[in-house]
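Note sheet for the following structure.
Values in this text are rule-based calculations from the coordinates and carry no lab data. The shown structure was predicted, so the numbers you read here are calculated from the model rather than taken from an experiment. Here the Cβ positions follow ideal geometry from the backbone for every residue, glycine too, while neighbour counts run over all protein chains shown.
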Amino acid sequence: MSALNPVLEVDLAALCANYRAMAAAVPRATPAAVVKCDAYGLGAAAVATALKEKENCRSFFVAYPEEGAELRSAIGGDADIYVFNGPFDETLAAHRAFALTPVLNSLEQAALWAREMPGKSAAVHFDTGMHRLGLSLADLDRVRAVSGLNIAVVMSHLACASDPKNPMNARQKEDFVAVAKLFPNARKSLSSSGAALIGPAFGFDLVRLGVGLYGVNPHDSGPSPARPVARLTAPVIQVHAMNAGETVGYGATFSAARRSVLATVALGYGDGFPRSGSNRASALLGGILCPVAGRVSMDLIVLDATAAGRTPKIGDVAEFFGPGLSIDGAAATCGTIGYELLTTIGGLARPRAAGNRAGLGGRLRRRYLWNGAPADASLVGAEGT
Ligand SMILES: *Cc1c(COP(=O)(O)O)cnc(C)c1O
């Protein structure tokens, strides 16, 4: 198998450093890792295994019970796994079989859990203004009256945590404090990565850390507190010289202003790189920022490497985001955010252990590192290396 494939590298040491840094921002809270959507595309089994082995993380959140079941198999019994979307008739069996703690979002879910799993602990999510998931505050008394409920965690979620100055954060926090008082024996959880970084007052008992673990800035602006975790690279597979006035790619949307050197790399929207990065995104080649020339196509992107000074060679590696080029900036040039860029690309990546699949996702390789060297198999868990 050729090595001329795009690669998504995941630095588990940087992941652990981000976990420690965010935990330190809310010193009284227990940190939990949000590993939904396959840990934002980086591989939930590896991410959770590394955080458990290196940082003693014992609390994880996923969106679906299927994700919880896979995670349970990967990390074993001695950790709490919470399921954001809550229990349904169809998913109770998975909760039972894999000891998954539900987040109850409605009176119906509370009644179902109390009836089917009496005394088994649950989290309860109150909606304090986001209107996405969670019980309405109007249902407070009714949920407290459900007998057989063992409420271990009371939680809510902020709509504007990416903007620390937004007054909605304080309003939601006040409402949350008022609700949480009614559950003196439950642990309290309000904050995602962005909220935890607003200040210690947002820590409460349990923080739900997602995107900041994965190296994305949880806030919309300001320097990123997160160390880069993911690095996307693509190899040069052809080099061209082009005269002024000639064009590149589908639709001939890029036209050279001067004699130019072009490097064609093996990466495209089929690997999850947004087509909206056409003529806008850039990549680092030999340490020089080279703009995307023309349209991103399914398997290929052409870089204008004229500025690189020397002609690139086949096999040279272009970095689209990583330690040299921030994922937040890369996402912005594609008109999106780091969350979406990571989940889209990571969702198509496969660990080498999954084999040389020819179909979708067989091409972009995911590789786990620890400070630049291949990560030990014991940290990567079921993902292989
Ligand atoms: C996804 C999610 C989180 C994690 O948010 P980040 O911004 O990625 O840290 C926390 N809580 C809830 C309810 C979520 O859905």
Subset of segment 224-253, residues part of a loop (DSSP other than H, G, I, E, B) and either farther than 17 Å from Ala14 by Cα or touching a strand residue (DSSP E or B) at 6+ places or on another chain (Cβ under 6 Å) (or both), comes to Pro228, Val229, Asn243, Ala244, Gly245, Glu246, Gly249, Thr253
Which is acidic (Asp, Glu), in a strand (DSSP E or B) and on the phi < 0 side of the Ramachandran plot, of Glu340, Glu319? Glu319
Checking Arg227 against (1) away from the ligand (no atom under 16 Å from the Cβ); (2) among the charged types (D, E, K, R); (3) touching a Gly at 6+ places or on another chain (Cβ under 8 Å): exactly one of these is not met. Which one? (1)
Looking only at segment 96-116, count every residue that is within 25 Å of Ser73 (Cα to Cα) and either surrounded by fewer than 21 Cβ atoms within 10 Å (Cβ to Cβ) or touching a Ser or Thr at 6+ places or on another chain (Cβ under 8 Å) (or both) and tell me the total. 6
Which condition number in (1) away from the ligand (no atom under 12 Å from the Cβ); (2) part of a loop (DSSP other than H, G, I, E, B) is the one that Ala159 fails? (1)
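Matching residues to (1) among the basic types (Lys, Arg); (2) within 14 Å of the ligand (Cβ to nearest atom); (3) under 30 Å from Val265 (Cβ atoms); (4) surrounded by 15 or more Cβ atoms within 10 Å (Cβ to Cβ):
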position	(1), (2), (3), (4)
Arg187	yes, no, no, yes
Ala195	no, yes, no, yes
Ala234	no, no, yes, yes
Ala244	no, no, yes, no
Tally time: how many residues in segment 128-154 are surrounded by fewer than 21 Cβ atoms within 10 Å (Cβ to Cβ) and more than 13 Å from Ala186 (Cα to Cα)? 16
Looking at the structure I just gave you, is Ala25 touching a residue at least 40 places away in the same chain (Cβ under 8 Å) and within 16 Å of the ligand (Cβ to nearest atom)? yes
Can you name the condition, by its number, that Gly294 falls short on among (1) part of a strand (DSSP E or B); (2) in contact with a helix residue (DSSP H, G or I) (Cβ under 8 Å, 6 or more places away or on another chain); (3) surrounded by 17 or more Cβ atoms within 10 Å (Cβ to Cβ)? (1)
